[in-house]
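What follows is a single structure, written as structure tokens, with notes after it.
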Amino acid sequence: MDALDLQRAYLDLTTPHVADAMVRLGIAVRQAPPDVRPLWADTHIVGRARPARHVGSVDVFLEAIECGEPGDVLVVDNDGRDDEACVGDLITLEIQRAGLGGIVIWGLHRDSRELRTIRLPVFSQGTVPAGPQRLDPQQVDALTAARFGDHTVTADDFVLGDDDGVLFLPLDRAADIAELAVTIRDTERRQAIRMNLGTSLREQTRFTAYLAARDRDGTTFRQHLRAIGGAIEE
């Protein structure tokens, strides 16, 4: 799936829809730490991961941009440090002008006002004024693999982010995940419409029948939902 197809497939999908689809497909749900948030509300980002492991200088980001393709998302590994900002306005503007899709940072940013003006999607753990005061050796895989919380992200992954957080997904399963996520999204939208028209969620999920099946056969609610085509838990 190329960048344009990826954007089209995930344009109207949320991270909860996609996470539920991954659970159902048996794909490990890799998500950013919960304090990785967008700089403004209603942010949506999707694109192939472009890893960059920061060691104190922005040259690693410039090299990642040089190797990147339009629509890629820069995935910055700054080891979750809380003593320095590793991305600011100039790098963000450079990424935007190069046609990349956004930035997700395991670490902090700065120049918040300028970043909101640039309006490229940026997710980070927060902001501090000071940039790096160090320069560590750059490892050989600094542009091929980024740690992000508990997970390793490579160019074989893509990034999906919105107001609920950030997911890292295997690129070779993108089409399968999107197809199932669309089904889950549409089911939940129909359920919400019916609730607003007066049919409770308990009625829609045949909850009384579920209670009987649970007591009789040990059926779980997820098994029951799958049998009737519900989607509220996955």
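Remark: segment 102-117, residue by residue, has Karplus-estimated 3J(HN,Hα) of x, 9, 10, 10, 8, x, 10, 10, 8, 6, 4, 4, 5, 5, 5, 6 Hz, where x stands for each Gly or Pro and the curve is 6.51 cos²θ - 1.76 cosθ + 1.60 at θ = phi - 60°. Note on the chain: dipole from Cβ charges, positive end direction compared against Cys67, Pro38, Ala155; the farthest Cα belongs to Pro38. Using the Cβ atoms and a cut-off under 13 Å, what net charge is assigned to the surroundings of Gly80, where Lys and Arg are +1 and Asp and Glu are -1? Result for the local shell: -4.
Per atom type, segment 17-94 shows carbon and sulfur on 48% of its accessible surface, probed at 1.4 Å. Taking the Cα centre of segment 76-178 as reference, the dipole from Cβ charges on Lys and Arg (+1) and Asp and Glu (-1) amounts to some 400 debye.
From most to least packed by mean Cβ count within 10 Å, the peptides 197-204, 145-152 give 145-152, 197-204. Mean sequence separation of contacting Cα pairs (under 8 Å, at least six apart), scaled by the length of the chain, corresponds to a relative contact order of 27 percent.
Label separation (Arg119 vs Asp79): 3.7 nm, computed from points 7 Å beyond Cα along the C-beta direction.
Listed values for segment 3-16 are Karplus-derived 3J(HN,Hα) couplings in whole Hz (6.51 cos²θ - 1.76 cosθ + 1.60, θ = phi - 60°), namely 4, 5, 4, 4, 5, 5, 5, 10, 4, 10, 10, 9, 4, x, and x replaces Gly and Pro. A Förster radius of 45 Å, combined with the Cβ-Cβ distance separating Ser57 from Asp5, puts the computed FRET efficiency at roughly 0.85. Based on the Kirkwood approach, the hydrodynamic radius assigned to the chain is 19.1 Å, with every pair of different Cα atoms included. Modelled this way, with points 7 Å down the Cα-to-C-beta line, the labels at Ala28 and Phe207 are 3.6 nm from one another.
Projecting the Cα atoms of Phe123, Gly198, Val140 onto the charge dipole of segment 96-234, computed from C-beta unit charges around the Cα centre, puts Gly198 farthest toward the positive end. On the principal axes of its alpha-carbon atoms, segment 1-102 has extents of 41, 30, 26 Å, going from largest to smallest. Share of carbon and sulfur in the accessible area of segment 101-213 stands at 51%, probe radius 1.4 Å.
Determine the per residue accessible area of segment 1-86 with all protein chains present and a 1.4 angstrom probe, expressed in square angstrom. Per residue, segment 1-86 has an accessible area of 45 Å².
FRET efficiency for the pair Asp141 and Phe221, taken as 1/(1 + (r/R0)^6) with r the Cβ-Cβ distance and R0 = 45 Å, rounds to 0.55. A helix-only calculation puts the chain at -11500 deg cm²/dmol for mean residue ellipticity at 222 nm, using -39500 (n - 2.57) for each DSSP H run of at least four residues, averaged over all residues.
Please give the charge dipole size of segment 168-216, origin at the Cα centre, charges +1 on K and R Cβ atoms and -1 on D and E Cβ atoms. Round to the nearest 20 debye. Let's see the in-between values first.
Details: 9 positive and 7 negative charges, 64 e Å.
It works out to roughly 300 debye.
Less than 16 Å from a label point 7 Å out along the Cα-to-Cβ axis of Asp164: which backbone N atoms in segment 33-77 qualify, by residue? Correct set: 33-38, 42-46.
Taking 0.36 nm per residue of separation and subtracting the Cα-Cα distance, what length does fully extending Ala130 through Ile193 add?
Between Ala130 and Ile193, full extension yields 17.8 nm more.
Under 5 Å from the amide H of Phe123 lie the amide H atoms of Ile103, Val104, Ile105, each residue being 5 or more positions distant or on a separate chain, with H modelled from the backbone and absent for Pro and chain starts. For the chain, the longest principal axis of the C-alpha atoms and the axis of helix 174-196 are separated by about 50°.
Only Cα pairs under 8 Å and at least 6 apart count here; give the relative contact order of segment 22-113 as a rounded whole percent.
Reported as a whole number, the value is 28 percent.
The values are calculated or read from the model by the stated rules, or taken from the named source; none is laboratory data. All of these numbers come straight from a predicted model, not from anything done at the bench. Cβ atoms come from the backbone with ideal geometry, glycine included; neighbour counts cover every protein chain shown. Accessible surface is based on the protein model in full, side chains and every heavy atom, while ligands, DNA and RNA are left aside. Shrake-Rupley method; radii C 1.70, N 1.55, O 1.52, S 1.80 Å.
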